Amino acid sequence: MRLWNFGKGFFIAEIREFEVLFWSLVFPLILYFFLSAILGSVGKGGAPSFELGVIKSSTNSMEAIAIEKTITAVSDADQPFKATIFSDLTSAVDSMKRDKLDVVVIHNEPASEASSKPPIEIHFISGRESSEVAANILEIAFARANLEIAKHSGQEFRELSSEAIPLKISAKSKSIAYKDYIFPSVALMMILSVALFNSPLSLSFYRSSGTNKKLFTTPLKPMEYFGAHLFKLLATMLISLTLLYAMAGFIYRVKSGIFSAAFIGTLFLAMLTLVSFGLMIASLSRKESTAGILGQVCYQIMMFMGGFFFPVFGLPWGIRWLVYMLPTTYLVELLRRAMGVTSAPIGIVWLISVPMAWLILSAVVFSMNFRKVMGNE
Amino acid sequence: MSKIVLKASHLKKYYGSTKAVDDVSFELCEGEVLAILGPNGAGKTTTLEMIEGLRNADSGLIAFFEEGFAPSQVQVKERIGVQLQSSSFFRYLSVRETLQLFGGLYAKQVPVSELISTMSLEEKEKTLVKNLSGGQLQRLALAVALVNDPLLIFLDEPTTGLDPQARRAHWDTVLALKKQDKTIVLTTHYMEEAEYLADRIIIMDHGKIVASGTLEELIASIGGKDYISFRIQGLESLPSALGTFPELKDTGAGLFELSSGDVSSDLARLFEYAALNNLRLDDIRIRRPDLDDVFLHITGRKLRD
């Protein structure tokens, strides 16, 4: 009860501070809005572009020529498709799985063994927006081609019926919208802000201002104070995450697995790891100003070098080693994997074990300096 | 005989080679008001913080109440109230919320409204701590120290930085607590504060207790003589003829001071001498010796230096 009462008062005292309220709760929402609004439309200004794989028949029949013309019509300059010829379906589908192709078209000759098949097969990846749109456009294009052939040909002809064949693949290389892609970054930035700014600054401030000293003249124990501090941080992060989720769910309609257990579990791992890191900063800082500088430096490095907003694995080795050192590199990738996106060449074992190693190291350093951090001799 | 509520024996605290507290011992009886007086850096706050459990003594023993509890024990924390030298609370909590928060840390609590009323903070109860004046903050700090209805209250330089009116109001509150038989330890470097509030005074200098006792005992320890101070019109320094008064001192700026065991006889002697030598005495004052004189007598320095 004492811990609850104190934790509640402690939380209210902090959340009323403009800096805490703004940076922890308001800024992540503003950032999410601006990033989605500005960067979400990058590359969407012009006409859409799709990668088309074509597996032609070996004949020069009228049907083959009509199909050739249709494909040429949709893949000319200024047209939405860019066509690439493939010799077999396996290699084309493989390219589609690797996100190199959006859709594959196969022409089945009537005389061939596959004569029971429709003249055209359109293979696309179910659930991938670009693939589904490309398949729809191609179906419409072949329907138009049928009309043209019927108009110009007085003879019997085989209708170019197309069959769209959805392909279900593992979500390994799923491409997602920017508003989805950026969500883990914004969520992690908020956790970083609370863990690396609020936490060490709050501990240092109340220690140096003498508030802790006054509290330790009461029956409150240092462990209870620490528990209330953690409660306050957790409450701030959970409120902020709730607001972010509401924005992502209701406004941006983010669907890419942010409600999955893996994603939420990773967020909790991130909270633990980064709060622990912040406590290590507090234990290495004698003064509030030192905690502020250390927190700021670590925050900037973890955000920019952690791959939040741009790929970092192409950086020169002179700096790439830092990328591999940071817990955020692994945490943001882990969150994206939970959304079905792979953006970093790192094995799952490393994605979990590196943040865990930081968590343990930080917790040990903090424990060794616990009394000093609390300002209790 | 009153019960002993606090016993400090041979407390020592060193910071490197600096002896912040050097072999300090004293006892405190129930209902007593003890003032620890000394200049800045005398070791008053360090002594108090060791007793409050905020600092570890390098050596020595501190025992609370009949049971002999150590400072860190919850039985002590529940029964003491502490006003620190510089009070810092949560800036974004109101006066009422601050008292509720601190009250919630104790098993026994005084109703918040009662504390607010006692400390005359009614008009400020919804004001955030960051918006309080120095005097209001000190009143809040004292209210927080009383939130658990403590048996033993520690006040560390409670009136430093306050204006005379606020200081007087604070003294009245302490006197009211004294009437409720609260045991109080206060540190101060204002001798008037110690003289006005304390039953017993400990004087500290350079980490050591240099004198202790009641005000009367301390004054008696330096002879207990009164002081007659005066000026002589037209004279800035002591005329040699006044050498017949061996306890006369030139305190500078034309002011002379005579230490007197018998004021009426010495005054008569002084007027007679002035008349005989055509000297005109001016600005004549008689004062009782104070703690500053005690401190000066013991250390050779003035307390205010």
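The values are calculated or read from the model by the stated rules, or taken from the named source; none is laboratory data. Fair warning: this is a prediction, and the values are worked out from it, not measured in the lab. So basically every Cβ, Gly included, is an ideal-geometry build from the backbone, and we count neighbours across all protein chains shown. Each accessible area value is taken on the protein alone, full model and side chains, heavy atoms only, with ligands, DNA and RNA left out. Shrake-Rupley method; radii C 1.70, N 1.55, O 1.52, S 1.80 Å.
Where both residues lie in chain A, what percent of DSSP beta bridges are antiparallel, nearest 5? So the antiparallel bridges in chain A amount to around 25 percent. Based on C-alpha pairs under 8 angstrom that are at least 6 apart in sequence, region B:226-288 has a relative contact order of 52 percent.
Rolling a 1.4 Å probe over the heavy atoms of the protein chains gives the protein assembly as shown an accessible area of 47 Å² per residue.
A simple rule links phi to the HN-Hα coupling: the Karplus curve 6.51 cos²θ - 1.76 cosθ + 1.60 with θ = phi - 60°, which for region B:182-199 gives 6, 8, 10, 10, 10, 9, 7, 10, 9, 5, 4, 5, 5, 5, 6, 9, 8, 7 Hz, with x for Gly and Pro. Taking the Cα centroid of region B:243-292 and of region A:229-285, what is the distance between the two, rounded to the nearest whole Å? If we compute the Cα centre of each part, the gap is 79 Å. Helical runs (DSSP H, four residues minimum) scored at -39500 (n - 2.57) apiece and divided by the length of chain A put the mean residue ellipticity at 222 nm at -18500 deg cm²/dmol. Summary value for chain B: 20 percent relative contact order, contacts being C-alpha pairs under 8 angstrom separated by 6+ residues. Counting only DSSP beta bridges whose two residues both lie in the protein assembly as shown, roughly 55 percent are antiparallel. Near the amide H of B:ALA211, within less than 5 Å, lie the amide hydrogens of B:ILE203, all on another chain or at least 5 residues away, with H placed in the peptide plane. With N set to the number of residues, divide the alpha-carbon radius of gyration of the protein assembly as shown by 2.2 N^0.38 Å and report two decimals. Its radius of gyration relative to the 2.2 N^0.38 Å reference: 1.57. Within the listed set A:PHE231, A:PHE310, A:PHE124, the Gaussian network model of chain A (springs between alpha-carbon atoms below 10 Å) gives the highest mean-square fluctuation for A:PHE310.
The mean count of C-beta atoms from other chains within 10 Å of the C-beta of residues in A:214-226, rounded to a whole number, is 6.
Shape of chain A from its Cα gyration tensor (a ≥ b ≥ c, root eigenvalues): rounded if a/c is under 1.5, otherwise prolate when a/b > b/c, or oblate? It comes out prolate by the Cα gyration axes.
Between the beta carbons of B:ASN40 and A:PHE226, assuming R0 = 41 Å, the FRET efficiency works out to 0.75 to the nearest 0.05. Rounded to the nearest whole Hz, the Karplus-based 3J(HN,Hα) values (6.51 cos²θ - 1.76 cosθ + 1.60, θ = phi - 60°) of region A:321-333 follow the sequence 4, 5, 4, 6, 7, 7, x, 5, 4, 7, 5, 5, 5, with x at glycine and proline.
Taking chain A as a Gaussian network, Cα atoms linked when under 10 Å apart, which of A:ASN60, A:ASN212, A:ASN198 shows the biggest mean-square fluctuation? Highest fluctuation among the options: A:ASN60. Highest-first packing order for the peptide set A:14-20, B:187-193 is B:187-193, A:14-20, based on the mean count of other beta carbon atoms within 10 Å.
Note that region B:226-288, at 10 °C in a medium of 1.306 mPa s, gets a Stokes-Einstein diffusion coefficient of 137 µm²/s from its Kirkwood radius over C-alpha pairs. With springs only between Cα atoms under 10 Å apart, run a GNM on chain A and tell me which of A:ALA13, A:ALA270, A:ALA228 wobbles the most. In this elastic network of chain A, the residue with the biggest mean-square fluctuation among A:ALA13, A:ALA270, A:ALA228 is A:ALA13.
Assuming charge only on the beta carbon of Lys and Arg (+1) and of Asp and Glu (-1), the dipole of chain A about its Cα centre is about 2160 debye to the nearest 20. Peptide B:100-106 has a mean shielding of 6, counted as Cβ atoms of other protein chains within 10 Å of each residue's Cβ. So for chain B: antiparallel DSSP bridges make up what percent, rounded to the nearest 5? For chain B, the DSSP antiparallel bridge percentage is about 65.
Contact order, relative form, for chain A: 19 percent (alpha carbon pairs under 8 Å, 6 or more residues apart, mean separation divided by residue count).
Just counting partner chain Cβ atoms within 10 Å, what average do the residues of peptide B:144-151 show around their Cβ? Intermediate values should be presented prior to the final figure.
Values: counts 3, 2, 0, 1, 2, 0, 0, 0.
Taking the mean over all residues of the peptide, I get 1.
Straight-line cross-link reach from A:LYS117 at under 17 Å between alpha-carbon atoms covers these lysines, not counting any fewer than eight positions away in the same chain: A:LYS56. Sorted on the mean count of surrounding Cβ atoms within 10 Å across their residues, most packed first, peptides B:91-99, A:257-265 read B:91-99, A:257-265. Projecting the Cα atoms of B:LEU101, B:GLY60, B:SER86 onto the charge dipole of region B:51-205 (Cβ charges, centred on the Cα centre) puts B:LEU101 farthest toward the positive pole.
Rounded to the nearest 100, the interface formed by chains B and A buries 2400 square angstrom of accessible surface, both chains summed, with a 1.4 Å probe. If you take all other residues with their beta carbon under 13 Å from the beta carbon of A:LYS56, and give Lys and Arg +1 and Asp and Glu -1, the sum is -4. Pairwise over distinct Cα atoms, reciprocal of the mean inverse distance: report the Kirkwood radius of chain B in Å, one decimal place. Mean inverse Cα-Cα distance, inverted, gives 21.7 Å.
With axes computed from alpha carbons, what is the tilt in degrees of helix B:164-179 against the longest principal axis of chain B, rounded to the nearest 10 within 0 to 90? It works out to around 70 degrees.
Taking 31 Å as the cut-off for C-alpha to C-alpha distance, list the pairs among B:LYS12/B:LYS302; B:LYS7/B:LYS130; B:LYS13/B:LYS225; B:LYS124/B:LYS179; A:LYS8/B:LYS12 that go past it. Violating the 31 Å limit, Cα to Cα: B:LYS7/B:LYS130; B:LYS13/B:LYS225; A:LYS8/B:LYS12.
In this structure the amide hydrogen of B:PHE69, modeled in the peptide plane, comes within under 5 Å of the amide hydrogens of B:PHE64, none closer than 5 places in sequence on its chain.
Pop the C-beta distance of A:LEU322 and A:SER126 into the FRET formula with R0 = 35 Å and round what comes out to the nearest 0.05. Write out the running numbers ahead of the final one.
On the way: r = 40 Å, r/R0 = 1.13.
The computed FRET efficiency comes out at 0.35.
Placing +1 on the Cβ of every Lys and Arg and -1 on the Cβ of every Asp and Glu, with nothing else charged, gives region B:226-288 a dipole about its Cα centre of roughly 100 debye. Entry note, chain B: the mean residue ellipticity at 222 nm calculated from DSSP H runs of n ≥ 4, each adding -39500 (n - 2.57), is -8500 deg cm²/dmol after division by the residues and rounding to the nearest 500.
Ranked by solvent-accessible area (1.4 Å probe, protein heavy atoms only, all chains present), the residues B:TYR227, A:TYR324 order from largest to smallest as A:TYR324, B:TYR227.
The peptide list A:312-320, A:328-336, put in order of mean Cβ contacts within 10 Å with the highest first, becomes A:328-336, A:312-320.
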